[in-house]
Amino acid sequence: MKIARPLAALTLLAVLSACGAPSEQAESTTSSASPQTQAPSSKPTPKPTPKPTPTPTPATFVIDCPTYDPNGGGRFESLEEVWAALPTAKSCTAVLIGSDPWIPTPEQQAVIDTIAPHWEGRETPENAYGVALAQCANQAYDGPWVQLWARAAAMICPTAPHAATLAGRGDGSVFDSGGSRVVGQTVPAGTYRSTSPAENCYWERTTGGGDTVANDFVTFAADGVTVELRDGEGFTSSDCGIWSRIG
């Protein structure tokens, strides 16, 4: 019979179709299960917030007087404030504040040049000026370089309540008891009177070679002690207070 061959062909075709279907299904399943590749994110990197630039402040001097207020309240903006609050200030200092560099004016530079021999290049110009400025606040002071300090201070504050004392200390006609002076060099010749009253005051005049010209020990003098100093002599005193030239 001629029917057998077509049946065999159909059967083979069915088998091949059955075998191919799962493969296509698996491929389809695998394809759908694979994750889709996404493009990388393109978000911009945040920029840091800029910090505000500090506002520069001009450099200026203030006066600190800790004995006026030990808790930190003894700062004054001007010499006039110091003079009003502390008529007898003794331990005030000048402090430079501000962020800007300090550039001295010609007048301030003249003060620095006057006091420069004391520093001999060891200090900055602002420190040198500050030392002189502090003398304008202090009513009483002493030291080996007091003449330079006072001379420079008198240039800063000619209207200070103690301006006459500053001028006298600057030229040597006002000086403290203690130490030795050479008349005509460190102090000018003339007639001097000590602080009154004077108590247990000793003074001595000597020649250039060291011989005693005159001396005295005063137990008490209500009006102070008076002595004449001559050029070329040496003068030494102790416990006499402040000497001031009166003639």
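The values are calculated or read from the model by the stated rules, or taken from the named source; none is laboratory data. It should be emphasised that the depicted structure is a prediction, and the values quoted were computed from it without experimental measurement. Positions of Cβ are backbone-derived with ideal geometry, glycine not excepted, and every protein chain shown enters the neighbour counts. Note: accessible area is taken over every heavy atom of the protein model, side chains too, but ligands, DNA and RNA are not part of it. Shrake-Rupley method; radii C 1.70, N 1.55, O 1.52, S 1.80 Å.
Summary of computed values
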{"item": "Peptides 94-104, 199-209 ordered by average Cβ neighbours within 10 Å, highest first", "result": "199-209, 94-104"}
{"item": "Magnitude of the charge dipole, the stretch 81-178, Cβ model with Lys/Arg +1 and Asp/Glu -1, debye to 20", "result": "220 debye"}
{"item": "Length released on extending from E81 to A110, taking residue separation times 0.36 nm less the Cα-Cα span", "result": "8.0 nm"}
{"item": "5 angstrom amide H check on G224, placed H, neighbours 5+ away", "result": "A198"}
{"item": "From phi via Karplus (6.51, -1.76, 1.60), per-residue ³J(HN,Hα) for the stretch 83-92 in Hz, x at Gly/Pro", "result": "4, 6, 8, 10, x, 10, 4, 10, 10, 7"}
{"item": "Solvent-accessible area per residue, Å², over the stretch 148-247 with all protein chains present [probe radius 1.4 Å]", "result": "48 Å²"}
{"item": "Evaluated at q = 0.17, 0.22, 0.24 Å⁻¹: base-10 log I(q)/I(0), Debye formula over Cα of the stretch 46-117", "result": "-0.82, -1.06, -1.11"}
{"item": "Residues with amide H under 5 Å from that of A59, placed H, sequence gap 5 or more", "result": "D100"}
{"item": "Extension gain (nm, one decimal) between Q185 and T236, 0.36 nm per residue minus Cα-Cα", "result": "16.9 nm"}
{"item": "Calculated from backbone phi, Karplus (6.51, -1.76, 1.60) coupling profile of the stretch 190-203 in Hz, x at Gly/Pro", "result": "x, 9, 10, 10, 7, 4, 10, x, 9, 9, 6, 8, 10, 9"}
{"item": "Volume per residue that the Cα convex hull of the stretch 123-205 spans, once the total is divided by residue count, Å³", "result": "114 Å³"}
{"item": "Pairs of Cα atoms farther than 28 Å apart, the stretch 106-247, %", "result": "24 percent"}
{"item": "Rough spin-label spacing in nm, given labels placed 7 Å along Cα→Cβ, for T226 and T53", "result": "6.9 nm"}
{"item": "Under the Debye formula (equal points on every Cα, no solvent term), log10 I(q)/I(0) of the stretch 78-137 at q = 0.14, 0.21, 0.28, 0.30 Å⁻¹", "result": "-0.44, -0.89, -1.19, -1.24"}
